[in-house]
């Protein structure tokens, strides 16, 4: 299963339409549509960032690599509720999300470089 197919499956599972995703995240619907239809082969960093911020219960590693489960379970499944957490807990969660985002950016950069090299060889 390709990256775009995994994201389509998550959107369907959650009952989220492309328009709703774009409205919620601010990610352009045209860009989302191009990615989901395979016009754009790899997700842009801002799409990954939108997923991490607005859908933290989605396993970004599963979306990008097909590894692990689709959704986080247990403590990782709950959306961040600022009223229920102390400042320190929020800072820890933000730090973890930032680290995940940086790891995803680095991984995506590596993939883009590989794709660039492969297309130059063709």
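The values are calculated or read from the model by the stated rules, or taken from the named source; none is laboratory data. Bear in mind that the values here come from a model prediction, so they are computed numbers and not experimental data. No Cβ is skipped: glycine too gets one built from the backbone with ideal geometry, and neighbour counts run over all protein chains shown.
Structural remarks
- Here residue 13 meets each of (1) exposed (fewer than 14 other Cβ atoms within 10 Å of the Cβ); (2) at pLDDT 90 or above with one exception, condition (2).
- Residues satisfying the stated conditions in segment 78-110, i.e. at pLDDT below 80 and surrounded by 11 or more Cβ atoms within 10 Å (Cβ to Cβ): 78, 80, 85, 89, 90, 91, 92, 93, 94
- For beta carbons closer than 6 Å, sequence separation of 6+ or different chains, a first residue in segment 1-30 that is under 16 Å from residue 60 (Cα atoms) and a second that is modelled with pLDDT of 90 or more and outside any loop (DSSP other than H, G, I, E, B), the qualifying pairs are 4/35; 4/36; 8/36.
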